[in-house]
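Reviewing the structure listed below.
Nothing in this text is a laboratory measurement; each read-out follows from the coordinates by a stated rule. Nothing here was measured: the structure is a model prediction, and the numbers come from that model. Cβ sites come from the backbone with ideal geometry, for glycine too, and all protein chains shown count toward neighbours.
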Ligand SMILES: NC(=O)c1ccc[n+]([C@@H]2O[C@H](COP(=O)([O-])OP(=O)(O)OC[C@H]3O[C@@H](n4cnc5c(N)ncnc54)[C@H](O)[C@@H]3O)[C@@H](O)[C@H]2O)c1
């Protein structure tokens with residue numbers, strides 16, 4: 001049976017990039033998303049390129065619908081990304097739990113029924129608490145997880161779910177915990193502001209980023225490729241890895257944007273996000289031969305060029 005990759009949340013930013021790279025690598029891909037809005041995918045692929053991808057509209061909360069996509073398409077690899085982000089979980093905690101927690105259980109249940117023995121899924125650095133929880137420096141791989149958002153709490157729950165599915169059902173899993181993902185398509189969620197600033201700047205418009213601070217910026221194309229690798233290389237356990245990269249400030253990000261686009265008018269509020277500056281990714285490097293990490297200046301320049309190519313098509 002040909003390998004078939006299921007991407008949940010492929011209409012979203014990381015998912016669209018995952019579909020892009022799967023198609024580029026000649027893989028069969030199925031997208032399961034409740035949204036029919038292809039705008040992010042349209043920014044990455046032509047209609048002809050999208051024709052090889054199967055699009056299934058469905059709600060992750062619907063156990064039968066999730067199981068049906070696994071069986072109907074003969075799914076062999078799973079990249080589970082669909083989720084509601086921080087602001088949406090805050091605005092509607094019950095819905096957030098249904099999508100992010102129950103939805104993840106549905107994915108593991110469907111994998112179990114289908115006889116799939118490995119799942120890759122998205123967690124987040126939101127599983128960790130504020131900087132005051134930790135000593136200075138990069139946060140260790142096994143640091144305690146005491147989130148202060150419901151979104152983070154739901155992600156911690158999912159990591160626990162994955163551990164139980166490994167121990168009771170033998171389904172291994174790898175979750176990746178991105179920090180601030182940027183790139184074409186990153187237009188929703190708390191940390192989408194730096195990308196929105198790039199879109200505004202490329203159009204000659206001013207932009208105000210409402211937070212500052214030091215963080216790790218990760219290019220969506222890199223993150224997507226790491227998820228594909230995580231789906232392809234089971235590690236014999238339920239693993240979770242922080243994504244890393246050199247910590248940089250929001251001001252550094254804006255400076256690089258100004259170097260690429262002289263005259264850029266982006267200002268940054270003096271309002272650090274309540275997250276640590278950076279996370280140690282050495283565990284990821286130990287387990288995977290390949291860590292995708294485009295330098296920040298190249299990622300920003302590539303994103304700006306992509307935005308410019310899209311012109312009026314990108315909002
Ligand atoms: N973008 C980041 O900086 C970042 C950082 C840390 C973790 N993550 C995690 O990575 C994953 C992907 O992030 P993203 O930025 O691509 O997200 P996104 O918000 O761009 O996309 C999420 C997708 O999930 C879909 N979805 C939401 N509810 C659904 C439901 N009930 N049924 C089916 N589909 C549903 C949405 O329609 C959307 O297409 C998420 O799990 C997110 O929590 C992202």
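Data for the structure
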{"read-out": "FRET efficiency, residue 203 to residue 233 (Cβ-Cβ, R0 30 Å, nearest 0.05)", "value": "0.15"}
{"read-out": "Modelled label reach - residue 72, point 7 Å along Cα→Cβ, segment 48-64 residues with backbone N closer than 14 Å", "value": "54-60, 62-64"}
{"read-out": "Förster radius 41 Å - calculated FRET efficiency between residue 57 and residue 270 (Cβ-Cβ, nearest 0.05)", "value": "0.45"}
{"read-out": "Length added when fully stretched, residue 37-residue 92, from 0.36 nm per residue minus Cα-Cα", "value": "17.6 nm"}
{"read-out": "Dimensions in Å of the chain - Rg and Dmax from alpha carbons", "value": "18.7, 58"}
{"read-out": "Nearest 10 degrees, 0 to 90: helix 220-232 Cα axis against the chain principal axis", "value": "20"}
{"read-out": "Residue among 246, 31, 271 with the largest mean-square fluctuation in a Gaussian network model of the chain, springs linking Cα atoms under 10 Å", "value": "271"}
{"read-out": "Virtual spin-label span in nm between residue 298 and residue 188, 7 Å along Cα→Cβ", "value": "3.1"}
{"read-out": "Antiparallel bridges, percent of DSSP beta bridges restricted to the chain (to nearest 5)", "value": "5"}
{"read-out": "log₁₀ of I(q)/I(0) at q = 0.11, 0.20, 0.22, 0.26 Å⁻¹ - segment 124-191, Debye sum with one point per alpha carbon", "value": "-0.34, -0.94, -1.04, -1.18"}
{"read-out": "Helical contribution to [θ] at 222 nm, DSSP H n ≥ 4, -39,500 (n - 2.57), averaged over the chain, rounded to 500", "value": "-12000 deg cm²/dmol"}
{"read-out": "GNM top mover of 115, 15, 240 - the chain, alpha-carbon springs below 10 Å", "value": "115"}
{"read-out": "C-alpha center-to-center spacing [segment 38-95, segment 263-315] in angstrom", "value": "24"}
{"read-out": "Percentage of interatomic Cα-Cα distances in segment 83-226 larger than 26 Å", "value": "33"}
{"read-out": "Label-to-label distance, nm, for residues given as residue 290 and residue 251 (7 Å Cα→Cβ offset)", "value": "3.8"}
{"read-out": "Tilt relative to the chain, helix 63-73 - C-alpha long axis, 0 to 90 degrees, to 10", "value": "80"}
{"read-out": "Cut-off 20 Å (backbone N to label point 7 Å along Cα→Cβ of residue 163), residues of segment 123-138", "value": "123-130, 134"}
{"read-out": "Listed residues 43, 219, 17, most fluctuating in the chain (Gaussian network, C-alpha, under 10 Å)", "value": "43"}
{"read-out": "Prolate/oblate/rounded call for segment 27-168, Cα gyration tensor, a/c under 1.5 rounded", "value": "prolate"}
